[in-house]
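Quick notes on the structure that follows.
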Amino acid sequence: MITSPEAARMVLVSRAHLFKPTYPISKERMIGPEAIFFHQGAYHASLKKLVQAALLPCAIKGSVSEIEQIVLRLLPTWENSSINTLQEMKRFAFDVAMISAFGNNRDFEMEGIKHLYQCLEKGYNSMPLDLPGTPFHKAMKARKLLNETLRGLIAKRRKSDGEESGGLLRVLLGKDQNKPNLQLSDSQIADNIIGVIFAAHDTTASILTWLIKYLHDNADLLEAVTREQEGIRRKLFAENRGLMWDDTRHMPLTSRVIQETLRTASILSFTFREAVEDVEFEGYFIPKGWKVLPLFRSIHHSADFFPHPEKFDPSRFEVPPKPNTFMPFGNGVHSCPGNELAKLEMLILLHHLTIAYRWQVTGDEDGIQYGPFPVPKQGLPITVVPRSKTVS
């Protein structure tokens, strides 16, 4: 277990070729063995270029209005009611993930894909017992049907002229002339589409749940974020338009709140690597085949790098953190390529939520549960009311 920035950089960056990603076999079967997470070397490098091409700022700028529409449809359903924050954030993050994967068009297969993925998700953290009636068995049945549905959609999109398709699928199919072209099989494309939805869904929903909690617990900070967002809102009103990419680049306090949430919550607490040969580092001998775990949470909560680490203090990010001390999306060749999309959807949701609503935590349990990512107990049940009203 690694708790120093220098050692984490060695494993993830400078000598990353000596440490391969490693996951339980059951996870590979569920997501798909050709997904980007499970590889390194030439295939991984080529695939990451494609995934990054679909998720870089220049590619997601055009998604701002679509994400905003998702938010504007979602928030009114919370008004004057009690919600489970985690479950609602999963709904939101899943809809955004679908746009990033498939583009804006609404193929008739979309609802089926959504249903089958939700069935698959229920088995992610189950015991890998492939016996009739077990969650794992049900998940694997859903995975088979999901693969068939995706391959049907892939075949349809291959035959199309490409004008109506979009998202990562368009890039993986080689239909984007401005992106690198890699001849991928239907199964490789399906595995990576499922992988991207998996990566974009639970993690983002978990962070958003913590954001809601930290803003609730820090009333002055919530009001300061609201003032920043009201400044953006006045500009939009004057120009008679919705949010655009450039607006999200002018939310410094809100961005620091997101950074501090990423640090404090440390959703990605650690990552698994395996030594592919004997490795020596600063007097330590790591035998081939041994697991190596860079512990991001330990680094993020070290007083050496973040004074008073238990305190929620976004102002600490007014100065950039020291190298290799802040790694909420991992580091190196296997870092998360979707980090800009995740931050974008958080900014858009917080813009509308803070301006129009207030919320009160209704659960009486304080603490953390794991599923597998750390989230507030019971998924943070809250009551949401319009901002003009007071929460009783």
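The values are calculated or read from the model by the stated rules, or taken from the named source; none is laboratory data. What you see is a predicted model, and the numbers here were worked out from it, not measured in a lab. Cβ coordinates were reconstructed from backbone atoms using ideal geometry, including for glycine residues, and neighbour counts include every protein chain displayed. SASA here: full protein model, heavy atoms, side chains in, ligands and nucleic acids out. Shrake-Rupley method; radii C 1.70, N 1.55, O 1.52, S 1.80 Å.
Only helices enter this figure: runs of n ≥ 4 DSSP H residues, each worth -39500 (n - 2.57), summed and divided by the residues of the chain, yield -16000 deg cm²/dmol at 222 nm to the nearest 500. Rolling a 1.4 Å probe over the heavy atoms of the protein chains gives the chain an accessible area of 47 Å² per residue. Pairs exceeding 26 Å between alpha-carbon atoms, taken from Lys27/Lys114; Lys144/Lys343; Lys90/Lys377; Lys90/Lys322; Lys27/Lys48: Lys144/Lys343; Lys90/Lys322. Counting heavy atoms of the protein chains alone, Glu228 has an accessible area of about 40 Å² for a 1.4 Å probe. Heavy-atom accessible surface of Glu34, to the nearest 10 Å², is about 60 Å², with a 1.4 Å probe and all protein chains retained.
Relative to the Cα centre, what is the charge dipole magnitude of the range 94-151, using +1 at the beta carbon of each Lys and Arg, -1 at the beta carbon of each Asp and Glu, and rounding to the nearest 20 debye? Can you show the working numbers first?
Working: 8 positive and 7 negative charges, 35 e Å.
That gives the range 94-151 a dipole magnitude of about 160 debye.
Using the Cβ-Cβ distance between Tyr43 and His308 with R0 = 41 Å, the FRET efficiency computed as 1/(1 + (r/R0)^6) comes to roughly 0.40.
Solvent-accessible area assigned to carbon and sulfur over the chain amounts to 54 percent, based on a 1.4 Å probe.
Under the definition of Cα pairs under 8 Å and six or more residues apart, what whole-number percent is the relative contact order of the chain?
Values: 555 pairs, mean separation 107.4, N = 392.
Rounded, it is 27 percent for the chain.
Each residue of the range 247-257 was assigned a 3J(HN,Hα) from its phi angle through the Karplus curve 6.51 cos²θ - 1.76 cosθ + 1.60 (θ = phi - 60°); the sequence is 4, 6, 7, 10, 10, x, 5, 4, 5, 5, 4 Hz, with glycine and proline shown as x. Phi angles across the range 113-120 convert, under the Karplus curve 6.51 cos²θ - 1.76 cosθ + 1.60 with θ = phi - 60°, into 3J(HN,Hα) values of 4, 4, 5, 5, 5, 5, 5, 5 Hz, Gly and Pro given as x. Of the beta bridges in the chain, as assigned by DSSP with both residues counted there, near 90 percent are antiparallel.
How large is the dipole of the chain about the Cα centre if only Lys and Arg carry +1 and Asp and Glu carry -1, each at its Cβ, rounded to the nearest 20 debye? Intermediate values should be presented prior to the final figure.
Values: 47 positive and 44 negative charges, 127 e Å.
Magnitude of the dipole: close to 600 debye.
Database remark: amide H of Phe281 closer than 5 angstrom to the amide H of Ile286 (H placed geometrically; neighbours at sequence offset of 5 or more, or on other chains; Pro and chain starts carry no H).
The listed residues Leu295, Leu150, once ranked by accessible area (1.4 Å probe) with the largest placed first, stand as Leu295, Leu150. Sequentially through the range 287-301, phi angles give Karplus couplings (6.51, -1.76, 1.60; θ = phi - 60°) of x, 4, x, 7, 7, 10, 10, x, 9, 4, 4, 5, 5, 5, 10 Hz, Gly and Pro residues having no value and appearing as x. Potential lengthening of the chain between Ala238 and Phe285 amounts to 10.6 nm, from the contour at 0.36 nm per residue minus the alpha-carbon distance.
I want the local charge near Ile83. Using Cβ-Cβ distances under 12 Å, sum +1 for each Lys or Arg and -1 for each Asp or Glu among the other residues.
Working: positive: Lys90, Arg91; negative: Glu79, Glu88.
My count for the surroundings of Ile83 gives 0.
Each of (1) 27.9; (2) 21.5; (3) 22.3 is a candidate for Kirkwood radius over Cα pairs in Å; the one calculated from this structure is (3).
A Förster radius of 22 Å combined with the Cβ-Cβ distance from Asp246 to Asn84 puts the calculated FRET efficiency at roughly 0.05.
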